Structure formats: C-alpha cells, structure tokens
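The values are calculated or read from the model by the stated rules, or taken from the named source; none is laboratory data. Small disclaimer: the values here were computed from a predicted structure and weren't measured. Here the Cβ is made from the backbone with ideal geometry for all residues, glycine too, and neighbour counts use every protein chain on show. Just the protein is used for accessible areas: all its heavy atoms, side chains included, with ligands, DNA and RNA removed. Shrake-Rupley method; radii C 1.70, N 1.55, O 1.52, S 1.80 Å.
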Amino acid sequence: LPESQKVTICDVGTGSGILAGCAAKHLKSAEGVAVDISPAALEVARANGADHAVADRVTLIESDLLAALPDGRRFDFIISKYCLSSRVPIDQPLASIYQSICKQFEKRSPNGFCTNLVHCEPGSLPVA
C-alpha cells in the first residue's frame, strides 16, 4: 500500500492489542479500532498502544465481536485472533462458529479479513 493511502483496520478480540498496534506502527496511514469483550484486556492494549506510540491512531472499544460498533461502520480490513472459551456451547461445531463470525466480518469489510480461531480454556492464557 502507498504510505499516503488511508487504511482503516478493525482488530476483533484484540487482547494485548498486538495486531492493531503492529498495523498502526507499520502502516503509517492506518487508523484502527480494537475491540474486546474484556475490560482488563483493553487496559493492557491501552498501555501497549501508549508504549509503542500508536494510541492516537487506535481506538479501543469494549464489545462482543462487532456488536458495539454502529451498523454502517466499515473497514478496509478486519484482523482477528479470536479465543473461543467456555462461553461457546460444547455441542456447537467450531465450523459453525467460524462461519457465523466470518459472515459478520464480510458485511463490514468488502476488501477482506483475516481471522484465526483458537480454543482456550479459562485461565489458560497468561495475563499481563
């Protein structure tokens, strides 16, 4: 991408903010929204954004996936490494969950998205 081209990015399930932070750091014209359902994760992302001088270009929002964003909000790209946990019913197939998430992303990013679902047990992830 040309450095002057404005790019909008949404990082879903941001956690520490690494995906949004890296995008903002390496794409100087990028502006991002980073969403996470966890207020604690957003605090870590806020600190990391400040440490890496990208906090002014990454907006943090508490949200379950894209639920808290306005319906008409679109992004050039959606990136995600989404951690599934015990909130997911055990009888719901992973492929079904993935398809549901992808449909939400497709509506908001006509250019594409990248997502990776990881199953995590509660307490299995380190907390910063």
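Please go through the stretch 3-15 and give me each residue that is surrounded by 19 or more Cβ atoms within 10 Å (Cβ to Cβ) and part of a loop (DSSP other than H, G, I, E, B), ordered by number. Scanning the stretch 3-15 gives GLY13, THR14, GLY15.
Residues in the stretch 58-70 that are in contact with a helix residue (DSSP H, G or I) (Cβ under 7 Å, 6 or more places away or on another chain) and at pLDDT 95 or above: how many? Of the residues in that region, 3 qualify.
Suppose the filter is closer than 19 Å to ARG108 by Cα and at pLDDT 85 or above; does ALA24 pass it? The answer is no for ALA24. In the set SER38, SER29, only one residue is surrounded by fewer than 19 Cβ atoms within 10 Å (Cβ to Cβ), under 17 Å from PHE75 (Cβ atoms) and among the polar types (S, T, N, Q); that residue is SER29.
Residues in the stretch 54-62 include none that are open to solvent by 80 Å² or more (accessible area, probe 1.4 Å) and polar (S, T, N, Q).
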